[in-house]
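Remarks on the structure that follows.
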Amino acid sequence: MTTESAVINFVCTGNAARSVMAAALLRDRIDNDAPFEVISGGTLVLPGQPMSVRTRKALARHSLKDPFHRSHQIGPADITRSSLVLVMEEYHVQWIQRELPAGLPITGTLKRVVKELPGIARGPLSQRIAALDLAGREIEPWEEVIDPASGQQEDFDRCIDELAVLIDSLVPALVH
């Protein structure tokens, strides 16, 4: 495992569902001594809000909770401290491109990074992320993690189930 310390930043729109669930899942899957810090934020946030009841229930289905979560608007300081920004859809990449362009080289969809990072040769995580050439990528429809925000509890449950599979695949790729 690499000893390089890294900040993994999950981003969705409101920092109330997808990014919250992904961050909680990754925190749960990594060892306490892993060289990763996991944070989350959103592109269009009402700062300081707790997650929705449906997000909390979805987390509980996976025996997870994050009682201290409060929504956070991603900003320049978050990009500066992040090693990898994992977004949930094309709109998020477009937002980063428009608002925080310095983050483009480290910003990719969760699904693309899960698919491609394992194929990058061993080395420090920062070098493997750079090898993905994330800034030069067109986002394809298969890369979206559907937003459950306006849906029912079943939509949140499906979302966390999908995210759990993705995070389970991401962990070994991060420590490769």
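A short reminder: the numbers here are calculations on the coordinates, not readings from a lab. This structure is a prediction, so every number in the text was calculated from the model and none was measured. Glycine also receives a Cβ, built like all others from the backbone with ideal geometry; neighbour counts cover every protein chain displayed.
Tabulated results
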read-out	value
Spacing of the two label points (7 Å from each Cα toward its C-beta) at Glu99 and Gln153, in nm	3.2
Options Tyr91, Pro141, Pro67, ranked by Cα towards positive dipole end of the chain, top entry (Cβ charges)	Pro67
³J(HN,Hα), Karplus 6.51/-1.76/1.60, whole Hz, each residue of segment 72-87, x for Gly, Pro	9, 7, 5, x, x, 5, 5, 5, 4, 8, 7, 8, 8, 10, 10, 9
5 angstrom amide H check on Ser71, placed H, neighbours 5+ away	Gly48, Gln49
Least to most buried among Trp142, Trp95 (fewest other Cβ within 10 Å first)	Trp142, Trp95
Helical contribution to [θ] at 222 nm, DSSP H n ≥ 4, -39,500 (n - 2.57), averaged over the chain, rounded to 500	-12500 deg cm²/dmol
Debye, to nearest 20: dipole size of segment 6-174, +1 on Lys, Arg Cβ, -1 on Asp, Glu Cβ	360
Dipole of segment 30-124 [Lys/Arg +1, Asp/Glu -1 at C-beta], most positive-end residue of Pro105, Ala58, Gly41	Ala58
Under-5 Å amide H pairs with Phe10, H placed in peptide plane, nonlocal only	Ile39, Ser40, Gly41, Leu86
Of [x] 1, 7, 10, 10, 9, 8, 7, 6, 5, 5, 6, 6, 6, 5, 4, 3, 1, 0, 0; [y] 2, 9, 18, 20, 19, 12, 9, 5, 3, 2, 1, 0, 0, 0; [z] 1, 9, 19, 23, 22, 15, 8, 2, 0, the label for P(r) over Cα pairs in 5 Å bins from 0, in percent derived from the coordinates	[z]
The chain, relative contact order [Cα under 8 Å, separation at least 6], %	28
HN-Hα J in Hz across segment 8-22 - Karplus 6.51, -1.76, 1.60, θ = phi - 60°, x for Gly and Pro	9, 10, 8, 10, 10, 6, x, 6, 10, 9, 4, 5, 5, 5, 4
Per-residue ³J(HN,Hα) for segment 117-125, Karplus 6.51 cos²θ - 1.76 cosθ + 1.60, θ = phi - 60°, Hz, x for Gly and Pro	4, x, x, 8, 4, 3, x, x, 4
